[in-house]
Amino acid sequence: MPDFDTSVPHVARVYDYWLGGKDNFAADRVMGERTLQAYPNLVYSVRANRAFLARTVRFLARQGIRQFLDVGTGIPTANNTHEVAQGIAPESRIVYVDNDPIVLSHAKALLKSTPEGACAYLDADLRDPDTILAGAANTLDFARPVAVMLIAVMHFIGDDAEASAIMNRLMAACVPGSYVALSHAASDIDAVQMAEMIRRLNESTAEKTTLRDRAGVTRLFDGLELVEPGVIRAAEWRPDTDLEAASPAALWGGVARKP
């Protein structure tokens, strides 16, 4: 028997529904539709988020990064971190972290490494960075640069001080020349619709979402060197096409380097 309640919507499975995936249950689909009614552009945000992930991993791989710690992996879809990274450098090593059993079972089944590289999977919570780092050290060499991927996950940490502490702890374990990539749901883009969408989502899901404005997201990078163009709408972060840049996604995104 599964050790989770499929009658309660889960953010990872609702997200899968928004992306058009099949790894969701009736409760997730109901919640997915309720939130889309509040904010129809939400579909653009989740697609822009996946595209941001792929662009940032490509950028980091081209900077010579060969190790990735992907926290809050979500249910696998197209252009997962290891596929993008190993497409550029087959020897890349990736640790996926999530605390949802459905996510982890799919990740183990679907996310397969190249022979030269490695993929590992951790059942851990973002709120427990020490457990994440200890488990990741079995696959990643923290004496060499690591890219920490925090894609659409820090908005589950409602307290600003806790969010900053988690970021600081993860980056403290990484050597200079490491990076962090982050995307975050925005409170100051389509503000009224986003607030109503999040209110509906938080009514039924265990993982509560907190929106932050651009300044709040930027503060999460304190002590790090932001890569150009800084914290910007995720769709506008080094877009591949004008069409990609024009997405009405309500997400802030940025990449920073540890000096």
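Checking each residue in the stretch 77-114 for being of a type outside the set (Gly, Ala, Ser), modelled with pLDDT under 95, assigned to a loop (DSSP other than H, G, I, E, B) and on the phi < 0 side of the Ramachandran plot picks out THR77, ASN80, ASN99, ASP100, LEU111, LYS112, THR114. Among the residues of the stretch 35-65, what is the count of those that are β-branched (Val, Ile, Thr) and open to solvent by 10 Å² or more (accessible area, probe 1.4 Å)? Number satisfying all stated conditions: 1. LYS208 satisfies every condition listed in (1) under 19 Å from the mean Cα position of the chain (by Cα); (2) over 26 Å from PRO40 (Cα atoms); (3) open to solvent by 10 Å² or more (accessible area, probe 1.4 Å) except (2).
Matching residues to (1) hydroxyl-bearing (Ser, Thr, Tyr); (2) buried (at least 22 other Cβ atoms within 10 Å of the Cβ); (3) within 23 Å of ILE94 (Cβ to Cβ); (4) at pLDDT below 95:
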position: GLY158; (1), (2), (3), (4): no, no, no, no
position: ALA163; (1), (2), (3), (4): no, yes, no, no
position: LEU170; (1), (2), (3), (4): no, yes, yes, no
position: ASP190; (1), (2), (3), (4): no, no, no, yes
position: MET197; (1), (2), (3), (4): no, yes, no, yes
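PHE68 meets all of the listed conditions (1) at pLDDT 95 or above; (2) in contact with a Ser or Thr (Cβ under 6 Å, 6 or more places away or on another chain); (3) open to solvent by 10 Å² or more (accessible area, probe 1.4 Å) but one, namely (3). Only a single criterion out of (1) in a helix (DSSP H, G or I); (2) open to solvent by 10 Å² or more (accessible area, probe 1.4 Å) is not satisfied by ASP28, namely (2). Among the residues of the stretch 100-109, some residue qualifies, meaning at least one is closer than 17 Å to HIS155 by Cβ and touching a His at 6+ places or on another chain (Cβ under 8 Å).
Applying the set (1) more than 14 Å from the chain's Cα centre (by Cα); (2) under 23 Å from GLY254 (Cβ atoms) to ALA26 leaves exactly one unmet item: (2).
Hey, does the stretch 133-145 have a residue that's closer than 23 Å to ASP16 by Cβ and hydrophobic (A, V, I, L, M, F, W, C)? Spell out how you get there, then give the answer.
First, pick out the residues of the stretch 133-145 that are closer than 23 Å to ASP16 by Cβ: none.
No, the stretch 133-145 has no match at all.
Output the residue which, of all residues in the stretch 85-124 that are of a type in the set (Val, Ile, Thr) and open to solvent by 20 Å² or more (accessible area, probe 1.4 Å), is nearest to the chain's Cα centre (by Cα). So, considering only residues that are of a type in the set (Val, Ile, Thr) and open to solvent by 20 Å² or more (accessible area, probe 1.4 Å), the one nearest to the chain's Cα centre (by Cα) is ILE88.
Part of a helix (DSSP H, G or I), within 15 Å of the chain's Cα centre (by Cα) and among the aliphatic types (A, V, I, L, M): does that describe VAL46?
Values: part of a helix (DSSP H, G or I): yes; within 15 Å of the chain's Cα centre (by Cα): yes; among the aliphatic types (A, V, I, L, M): yes.
Here the answer is yes, as VAL46 does meet what is asked.
Output the residues belonging to the stretch 134-148 that are among the aliphatic types (A, V, I, L, M) and either at positive phi or surrounded by fewer than 19 Cβ atoms within 10 Å (Cβ to Cβ) (or both). Answer for the stretch 134-148, where residues must be among the aliphatic types (A, V, I, L, M) and either at positive phi or surrounded by fewer than 19 Cβ atoms within 10 Å (Cβ to Cβ) (or both): ALA134, ALA137, ALA143.
Give the stretch 11-25 a look and list any residue that's in contact with a Lys or Arg (Cβ under 6 Å, 6 or more places away or on another chain) and either within 17 Å of HIS184 (Cβ to Cβ) or assigned to a helix (DSSP H, G or I) (or both), or say none. Show your work before the answer.
As a first pass, look at the stretch 11-25 and keep what is in contact with a Lys or Arg (Cβ under 6 Å, 6 or more places away or on another chain): 17, 24.
Hit for the stretch 11-25 is TYR17, nothing else.
Only one of these is of a type in the set (Val, Ile, Thr) and within 28 Å of GLU203 (Cβ to Cβ): THR56, THR35, THR81. Name it. Let's see the steps before the verdict.
Details: THR56 fails: within 28 Å of GLU203 (Cβ to Cβ); THR81 fails: within 28 Å of GLU203 (Cβ to Cβ).
THR35 is the lone residue from the list that is of a type in the set (Val, Ile, Thr) and within 28 Å of GLU203 (Cβ to Cβ).
If you check ALA215, ALA234 for being modelled with pLDDT of 95 or more, within 27 Å of CYS174 (Cα to Cα) and surrounded by 14 or more Cβ atoms within 10 Å (Cβ to Cβ), only one passes: ALA234.
The values are calculated or read from the model by the stated rules, or taken from the named source; none is laboratory data. Since the structure is predicted, the reported quantities are computational estimates derived from the model, not experimental observations. No Cβ is skipped: glycine too gets one built from the backbone with ideal geometry, and neighbour counts run over all protein chains shown. In case anyone asks, the SASA skips ligands and DNA or RNA and just uses the protein heavy atoms, side chains included. Shrake-Rupley method; radii C 1.70, N 1.55, O 1.52, S 1.80 Å.
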